[in-house]
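These notes are about the structure you will find just below.
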Amino acid sequence: MKRAVIYARVSSADQNVAAQLCDLRPLAKARGYEIVAEYTDMISGTKGKRPGLDKLLSDARRGRFDVVMVWAFDRMARSVRHFLEVLDELTRLNIAFVSFRENIDTSGPLGRAMIVILAAINELERSIIVERVKSGMRRAKLEGRQIGRARLDINREQVVEDRRSGMSLTNVAKRHNISRASVCRLVKEFKGNSDLVVVASSVELVPQVQSTGGYAR
């Protein structure tokens, strides 16, 4: 009997891996696999560090199982490149990869070919979505629409003066109807600008020296 492990991942706390496990456990039983471990992660698909996946790969190198089962291939990796790296390592270790949604098993050459094709399509779809978003932002900018956070319509000097006078961060924020973070940012910007003025003034006070070593007249 082949030893199988399950890897399940969700992207946020309001999701649950139970749905994935409910599909994968019966599939393992139907194929005659013995489930020896289950690994899970709760992390965005684009994030690199995954404790569950790292532990799975560590155990794979120790030869602790023969098959990896996932609900869908995009649950496994953060990008096509990462997915293929994981798949290549599993193949090198003679470990099969089974995906429930795509009904693919890499124990055969056809299954591996289909994995590569589907992964490439998924990456292309993501790139198209990103490009559509960027295109929409460019169009909005050309039409004069606001992109991102609007500039604060407040008396910035007064905010800084109130804070420097000893008024608490909370009271300054309430008085000007802005967040505490905005108050801190404005004070920091004011301090940075003041430092630049001081440096510039100091430079102007330094006497110029001619190449002969004398002072310029």
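Structure values in brief
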read-out	value
Residue-by-residue Karplus 3J(HN,Hα) for the range 104-115, coefficients 6.51, -1.76, 1.60, Hz, glycine and proline x	10, 10, 7, 5, x, x, 5, x, 5, 4, 5, 4
Segment MET42-GLU157, length gained on full extension (0.36 nm per residue, minus Cα span)	36.9 nm
Zone of ALA19's modelled label, taken as backbone nitrogen in the range 47-77 under 17 Å from a point 7 Å along Cα→Cβ	70-76
Most to least packed among 66-73, 50-57, 84-91 [average Cβ atoms within 10 Å]	66-73, 50-57, 84-91
Sites ILE117 and LYS141 - FRET efficiency at Förster radius 35 Å, r taken between beta-carbons, to 0.05	0.45
Three-way shape label, the range 75-129, alpha-carbon gyration tensor, a/c 1.5	prolate
Relative packing of 2-10, 34-42, which averages over residues the other C-beta atoms within 10 Å, highest first	2-10, 34-42
Simple label model, 7 Å out from Cα along Cβ direction - ARG62 to LEU93, nm	1.1
Packing-based ranking, highest mean first, of 14-23, 179-188 given that Cβ atoms within 10 Å are counted	179-188, 14-23
Proximal lysines relative to LYS49, as straight alpha-carbon distance under 18 Å, when same-chain residues fewer than 8 apart are discounted	none
Candidate aspartates and glutamates - alpha carbon under 20 Å from LYS29, same-chain residues fewer than 8 apart omitted	GLU38, ASP66, GLU102, ASP105
Sequence-distant residues sharing a close amide H with ALA8 (under 5 Å, placed H)	TYR39, THR40, ASP41
Shape call, the range 46-102: gyration tensor on alpha carbons, a/c limit 1.5	oblate
Positive-end residue, the range 38-147 charge dipole about Cα centroid, Cβ charges, pick of PRO109, LEU93, VAL80	VAL80
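Read-outs throughout are calculated quantities, based only on the coordinates presented, and are distinct from any laboratory measurement. Predicted model, so just to flag it, every value in this text is computed and none were measured. With ideal geometry, Cβ positions are generated from the backbone for all residues, glycine too; neighbour counts draw on all protein chains shown.
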